[in-house]
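Presented below is the structure to which this report refers.
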Amino acid sequence: MIEITCQALLFDLDGVLIDSTPAVRRVWSRWAEERGFDPAEVVAHAHGRPSIATVRKYLPMSDHEAENREVERRETTDVGGVVLLGGAGELLESLPRDRWTIVTSCTRPLAEVRLRAAGLPVPQRLVTSTDVSEGKPHPEPFLRGAAKLGFPASECVVLEDVPAGIRAGKAAGSRVIAFRTTVLESELRGAGADWVLGDCTDVVVVDKTARLTLRLNG
């Protein structure tokens, strides 16, 4: 158990606050099978990255925008099994509203659909792939999230679950808490996570006055 301080928290969405793995697997597996790719490989690559980045990787000569619209259509209409992860609701409720936001590789429409499906509020300062020119593992998403909250990224702690997001947080200058919800701990540590925990139940806000003080139970 350790305590850390920061000004604000930047949460990834899938794998940190909600579990949309069944829906992600269904959509990307079907997409991969229809186009002759290995479903397991495509699903693993898609985690934590903007969907258009996966489209570009596997279909470099295609109409990327059209393919991406089809993926998003499928994702926004398939929310079966989208649920809150352990401790997520309680952690968000314990934080001042101006000290956290969500930084996700989902598009804005998809992020809002999944948040509502899981019963979470849509934060006013939400950052999605729709809002940036470079997605994770580029630092732009977390730099933008920190700026929207009014703090330097170095004063924020990122909460992530996959290597692409961890690398984005570290590149932005943030410290990163990684959860063992999606990939092996060795992958999280290899990507540079500062702390590796189980899920949001392992993060407790013990002070929220001038700075946030968090207790990490890992």
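The values are calculated or read from the model by the stated rules, or taken from the named source; none is laboratory data. For clarity, every value in this text was computed on a predicted model and none was experimentally measured. Don't worry about glycine lacking a Cβ; one is built from the backbone with ideal geometry, like all the others, and counts go over all protein chains shown. Just the protein is used for accessible areas: all its heavy atoms, side chains included, with ligands, DNA and RNA removed. Shrake-Rupley method; radii C 1.70, N 1.55, O 1.52, S 1.80 Å.
Observations, loosely collected:
- Shape call, segment 120-168: gyration tensor on alpha carbons, a/c limit 1.5: rounded
- Trypsin sites (Lys or Arg not before Pro) within segment 101-164, DSSP loop, no more than 11 other Cβ atoms inside 10 Å: none
- The chain, accessible surface, carbon-and-sulfur percent (1.4 angstrom probe): 50
- For the chain, the percent of C-alpha pairs falling in each 5 Å distance bin, counted from 0 to the bin holding the largest distance, reads 1, 8, 16, 21, 21, 16, 9, 5, 2, 1, 0.
- Largest accessible area first, the residues Ser133, Ser94 order themselves as Ser133, Ser94 under a 1.4 Å probe with ligands, DNA and RNA left out.
- Computed label-point distance, nm, for sites His64 and Ser133 using a 7 Å Cα→Cβ extension: 1.4
- Simple label model, 7 Å out from Cα along Cβ direction - Arg56 to Arg108, nm: 2.0
- Dipole in debye (nearest 20) - the chain, about Cα centre, beta carbon charges: Lys, Arg +1; Asp, Glu -1: 360
- Spatial offset of segment 27-85 relative to segment 166-200 amounts to 23 Å, using the alpha carbon center of each.
- Relative contact order (%) - the chain, alpha-carbon pairs under 8 angstrom, separation at least six: 27
- From helices alone, the chain scores -11500 deg cm²/dmol at 222 nm; the rule is -39500 (n - 2.57) for each run of n ≥ 4 DSSP H residues, then divide by the residue total.
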